[in-house]
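Since the structure comes first, as structure tokens, the remarks are kept for the end.
The values are calculated or read from the model by the stated rules, or taken from the named source; none is laboratory data. Computed from a prediction, not measured in an experiment: that's the story for all the values here. Note that we place each Cβ from the backbone using ideal geometry, even for glycine, and neighbour counts take in every protein chain shown. Only protein heavy atoms, including side chains, enter the accessible area calculation; ligands, DNA and RNA are left aside. Shrake-Rupley method; radii C 1.70, N 1.55, O 1.52, S 1.80 Å.
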Number of protein chains: 4
Amino acid sequence: MLETLKEQVCQANLDLVSAGLVTLTWGNVSGLSDDRRHVVIKPSGVAYDAMRPEHMVVVDLKSGERVEGDLKPSSDTATHLLLYRAWPGVGGITHTHSPKATAFAQARRELPCYGTTHADHFSGTVPVARALTQEEIETAYEANTGHVILERFEGLDPIAIPAVLVASHAPFAWGKSAAESVKNAIALEACAAMAIDSLTLSPSLGPVEDYLLQKHYNRKHGPGAYYGQGKPH
Amino acid sequence: MLETLKEQVCQANLDLVSAGLVTLTWGNVSGLSDDRRHVVIKPSGVAYDAMRPEHMVVVDLKSGERVEGDLKPSSDTATHLLLYRAWPGVGGITHTHSPKATAFAQARRELPCYGTTHADHFSGTVPVARALTQEEIETAYEANTGHVILERFEGLDPIAIPAVLVASHAPFAWGKSAAESVKNAIALEACAAMAIDSLTLSPSLGPVEDYLLQKHYNRKHGPGAYYGQGKPH
Amino acid sequence: MLETLKEQVCQANLDLVSAGLVTLTWGNVSGLSDDRRHVVIKPSGVAYDAMRPEHMVVVDLKSGERVEGDLKPSSDTATHLLLYRAWPGVGGITHTHSPKATAFAQARRELPCYGTTHADHFSGTVPVARALTQEEIETAYEANTGHVILERFEGLDPIAIPAVLVASHAPFAWGKSAAESVKNAIALEACAAMAIDSLTLSPSLGPVEDYLLQKHYNRKHGPGAYYGQGKPH
Amino acid sequence: MLETLKEQVCQANLDLVSAGLVTLTWGNVSGLSDDRRHVVIKPSGVAYDAMRPEHMVVVDLKSGERVEGDLKPSSDTATHLLLYRAWPGVGGITHTHSPKATAFAQARRELPCYGTTHADHFSGTVPVARALTQEEIETAYEANTGHVILERFEGLDPIAIPAVLVASHAPFAWGKSAAESVKNAIALEACAAMAIDSLTLSPSLGPVEDYLLQKHYNRKHGPGAYYGQGKPH
């Protein structure tokens with residue numbers, strides 16, 4: 001079942017490696033079926049060099065049960081499921097430990113918009129989800145990681161700000177599809193890298209003016225978007 | 001039309017990728033025809049791995065209208081056109097979000113000449129073009145990006161200083177040809193990277209003496225240039 | 001003798017290069033035979049591009065004598081032997097001068113757990129072994145390097161914290177096998193890189209809460225580990 | 001003439017590229033003939049991807065005249081010649097603008113020995129040659145670059161410290177052969193990179209104890225050297 005989605009999710013996982021965002025097996029991408037009933041996700045702790053579409057694991061969105069695949073799904077599956085259930089527009093999720101975004105997550109610093117590169121992908125500050133309590137960690141850790149992300153996005157639009165930094169952990173990014181979530185993970189890492197250098201050059205740097213942020217974001221994503229070839233992205 | 005220029009511009013865009021200056025589709029190179037009537041430029045938001053010369057878009061320099069090509073030209077085309085119209089010696093323009101130069105642009109810090117690497121390519125400080133006003137952003141944003149670059153170069157020689165950092169945005173570089181503009185973009189990124197480390201090692205570092213700057217610049221670019229094999233560069 | 005182990009150790013040395021942890025010939029990996037009587041180790045100062053399993057050197061664990069191989073074993077062999085003799089659970093050792101971990105070793109700063117990436121591999125701070133005295137350096141330098149590592153691990157579990165930073169020198173990492181020791185060396189380098197950036201963003205950053213550290217470490221390594229496919233790692 | 005040396009020098013130039021030390025055409029390697037009468041050096045400003053042994057230029061050590069080759073020799077040839085004439089043990093010279101070593105040169109900070117990686121290649125601090133005066137720059141610039149290097153090495157042993165940082169410019173490294181000079185250039189860049197991070201972690205870091213420095217240097221280079229396979233390096 002879901003052969004096309006398995007191919008897309010497998011490719012998205014490999015694209016994450018090509019983009020240099022993965023060390024060892026740290027990272028996983030999932031995609032949601034069109035009927036929003038099943039999630040296809042990378043198997044847990046499997047090496048990338050032999051990964052093929054048939055290794056992808058199919059999980060039922062509602063129950064969280066594996067419905068196809070011989071391998072165990074990513075240990076972060078519960079986090080992915082919670083976000084899909086809560087956010088209608090999201091069809092793909094990427095989790096990485098990409099180094100510069102993770103540095104922000106470890107420092108528990110949010111990532112403000114310091115320039116148009118950021119504004120092209122994120123319509124505002126990429127927020128930090130709070131550290132989990134001891135109880136949250138010891139019971140249903142991965143689901144609770146999803147809960148603190150949802151808690152942090154109360155009042156925020158996850159479509160407009162498609163990434164989060166989980167405190168003391170690492171980033172999650174998402175998008176309309178698995179491929180889009182990988183692009184947002186790549187953009188996040190690039191923006192985090194630039195931000196560290198910008199802060200070295202100007203330690204008290206503040207975010208860009210809101211009108212510049214909105215202009216660039218809407219150039220690519222708004223109703224009058226004119227970047228690209230008009231294909232859905 | 002302009003088949004050779006299309007090949008050169010396509011190759012220049014791919015060279016930008018090989019040099020590691022491009023993330024996702026952030027970056028575009030254009031070239032001007034010998035009669036200075038047409039600009040050949042990368043299509044907007046197209047992936048690099050399948051890019052071929054026939055995808056390049058031909059735009060009329062004066063009117064800004066597309067005269068050949070099925071794809072939309074880069075969303076930054078208006079910026080390119082303004083610079084070509086204003087600067088007679090320029091035949092190629094490169095726009096990137098290369099990380100270290102963009103860090104300077106985001107920090108709104110100009111890039112002084114800290115050594116001979118810089119002096120080999122830029123005859124002085126690479127300046128910062130001011131941030132656009134809200135009105136400039138909301139009306140004809142890309143053209144106004146060109147205007148603030150031209151405003152910043154009043155009294156400066158764009159041939160001698162073939163790059164600029166647009167505040168809160170990213171760098172533009174240029175040269176006699178598309179290929180030369182890519183070389184200057186590569187040099188700018190390398191100089192910005194070195195400058196960040198030099199400033200870490202010596203926070204109050206000032207620019208090199210002007211006679212060292214002039215010597216190195218003229219060794220490569222002056223009337224008595226003796227670097228290279230005497231071929232036009 | 002030990003053909004399979006030679007292949008594994010050779011491959012582990014090459015994996016170290018693929019992972020970008022090696023400059024020139026700086027780095028060596030060894031593996032212990034199942035009966036814990038022989039160590040297979042990289043030859044000293046040999047280029048990686050022509051390295052094959054038959055170049056690996058077999059050394060007697062007890063006596064330290066070479067028992068097979070035409071080439072001299074790594075100059076760091078004595079350090080490897082001491083650790084194998086002292087630590088029953090260790091079957092592979094990796095020594096590198098990987099840049100970010102070496103920066104910590106040179107600064108003589110231990111590497112605390114700043115996030116889950118670290119906790120996935122190291123159950124606490126990666127410690128610094130003290131600088132050797134002049135006498136220790138001038139007599140049996142490499143063996144004494146092993147002695148200061150063992151001294152530093154008194155009261156620590158080398159299986160739970162499979163790496164050390166030797167002051168003014170560089171890291172050593174270890175694991176159940178040569179391959180596992182390389183993974184730990186890669187994880188150490190990634191954590192050190194992230195730590196430098198995290199400290200730039202938050203200079204007074206402290207380690208994560210112990211319950212988060214334990215959760216992540218045990219998710220991968222504890223008796224109830226549920227990361228990966230349940231294969232031995 | 002000198003076909004073997006041309007091959008070695010060409011290969012050494014290409015190795016510099018593989019090692020990631022070259023941007024654009026910034027960098028050149030030369031080698032001295034066994035009779036110390038001729039220098040084989042890279043042509044000036046030529047792209048690396050089509051470089052072959054027959055492009056190498058042969059220059060007379062004494063007169064500095066080109067005696068074979070259609071292309072102009074590197075613009076830095078005069079610097080190379082001065083060092084060969086002054087230093088009997090040197091048979092190869094590498095000049096790069098490698099980013100981290102150049103950052104030290106631009107900051108005019110010498111590179112102390114912060115660990116064994118440095119000590120394995122350089123028997124002490126890598127010094128900074130002073131900035132040239134205006135007159136020195138305007139008359140025989142490249143020869144005067146050689147002169148300030150020689151001036152800085154008065155009382156120092158260039159065999160034991162095979163590299164220098166020229167103020168506001170970039171590094172030169174050397175060795176017994178072209179290949180050895182490239183290795184020293186690679187080691188210098190790696191040590192400079194580590195030093196920047198070590199200083200970030202410990203801003204007041206001082207050099208290692210002299211007995212550690214001497215031990216490591218002599219392990220590889222002293223009369224009782226025991227690193228490697230005993231082949232000349």
For peptide B:196-208, how many partner chain Cβ atoms fall within 10 Å of a residue's Cβ, on average?
6
Binning every alpha carbon pair distance of the stretch A:1-91 at 5 Å from zero, what are the percents per bin?
3, 16, 29, 26, 18, 8, 1
How do B:36, D:52, C:219 stack up against each other in accessible area, from largest to smallest, with a 1.4 angstrom probe?
D:52, B:36, C:219
Other protein chain Cβ atoms within 10 Å, averaged over every residue that makes up B:140-149
1
Give the percent of DSSP beta bridges with both residues in chain B that are antiparallel, rounded to the nearest 5.
90 percent
In Å², nearest 10: area of residue B:10 left accessible to a 1.4 Å probe:
10 Å²
Most fluctuating residue given options C:50, C:78, C:103, as computed from a GNM of chain C linking Cα atoms under 10 Å:
C:50
Under unit Cβ charges (Lys, Arg +1; Asp, Glu -1), what dipole magnitude, rounded to 20 debye, does the protein assembly as shown have relative to its Cα centre?
80 debye
Measure out, as a whole number of angstrom, how far apart the alpha-carbon centroids of the stretch D:177-218 and the stretch D:101-136 sit.
10 Å
Given contacts defined as C-alpha pairs under 8 Å and at least six residues apart, what's the relative contact order of chain B, whole-number percent?
21 percent
Which value in deg cm²/dmol, rounded to the nearest 500, describes the helix-derived mean residue ellipticity at 222 nm for chain A, given -39,500 (n - 2.57) per DSSP H run of n ≥ 4 and division by the residue count?
-12000 deg cm²/dmol
Mind pulling the angle between the C-alpha long axis of helix D:210-221 and the longest principal axis of chain D? Nearest 10 degrees, somewhere in 0 to 90.
40 degrees
Got a sec? Charge dipole of chain A, +1 on Cβ for Lys and Arg, -1 for Asp and Glu; which of A:123, A:4, A:102 is way out at the positive end?
A:123
How are the Cα pair distances of the stretch D:3-221 distributed, in percent, across 10 Å bins from 0?
9, 36, 37, 16, 3, 0
For chain C, with +1 on Lys and Arg beta carbons and -1 on Asp and Glu, the positive-most of C:179, C:223, C:158 along the dipole:
C:223
Two-site FRET efficiency, residue D:125 against residue C:220, from Cβ-Cβ distance with R₀ of 25 Å, rounded to 0.05
0.05
Evaluate the distance, in nm, between pseudo-label points positioned 7 Å from the Cα of residue A:229 and of residue D:202 along their respective Cα→Cβ axes.
5.5 nm
What are the equivalent ellipsoid semi-axes of the stretch C:39-143, built from the alpha-carbon gyration tensor (square roots of five times its eigenvalues), in whole angstrom, biggest first?
27, 18, 15
Nearest beta-carbon of C to the rotation axis carrying it onto A: which residue, how many whole Å?
C:200, 5
Which value, in Å² and to the nearest 10, is the accessible area of residue A:79 when all protein chains are kept and the probe is 1.4 Å?
0 Å²
Going residue by residue through the stretch D:27-37, the Karplus relation 6.51 cos²θ - 1.76 cosθ + 1.60 with θ = phi - 60° gives ³J(HN,Hα) values, rounded to whole Hz and with x marking Gly or Pro, of x, 7, 10, 10, x, 9, 5, 4, 7, 6, 9
Just report the Cα centroid separation between the stretch A:1-57 and the stretch D:7-48, whole Å.
45 Å
Let me check something: with ligands and nucleic acids excluded, how do B:177, A:168 order by accessible area (1.4 Å probe), largest to smallest?
B:177, A:168
With one decimal in nm and the nearest listed first, the spacings from residue D:140 to its own position in the other copies, using label points 7 Å along Cα-to-Cβ, are 5.8, 5.8, 8.2
For residue C:47, which inter-copy label distances result when the label point lies 7 Å beyond Cα on the Cα-to-Cβ vector, reported in nm to one decimal and in ascending order?
2.6, 2.7, 3.7
Heavy-atom accessible area ranking, 1.4 Å probe, most first, across B:111, B:156
B:156, B:111
C-alpha long axis of helix B:77-86 to longest principal axis of chain B, angle in °:
70 degrees
For the stretch C:129-233, shape from the Cα gyration tensor axes a ≥ b ≥ c, cut at a/c of 1.5 then a/b versus b/c, turns out oblate
Inter-copy spacing of residue D:66 label points, which lie 7 Å from Cα along Cα→Cβ, given in nm from shortest upward:
4.8, 4.8, 6.8
Can you give the FRET efficiency for residue C:139 and residue A:134, using 1/(1 + (r/R0)^6), R0 = 60 Å, r = Cβ-Cβ distance, to the nearest 0.05?
0.75
In debye to the nearest 20, the charge dipole size for the stretch B:3-221, taken about the Cα centre with +1 at each Lys and Arg Cβ and -1 at each Asp and Glu Cβ, equals 320 debye
Calculated FRET value between residue D:209 and residue D:4, using beta carbons and R₀ = 45 Å, to 0.05
0.60
Any chance you could tell me what percent of the C-alpha pair distances in the protein assembly as shown go past 41 Å?
41 percent
Dipole of the stretch C:1-85, positive end: most advanced residue of C:14, C:25, C:48 [Cβ charges, Cα centre]:
C:25
Within 10 Å of each Cβ of D:213-226, how many other protein chain Cβ atoms are there on average?
2
For the interface of chains B and D, what total accessible area is buried with a 1.4 Å probe, rounded to the nearest 100 Å²?
2700 Å²
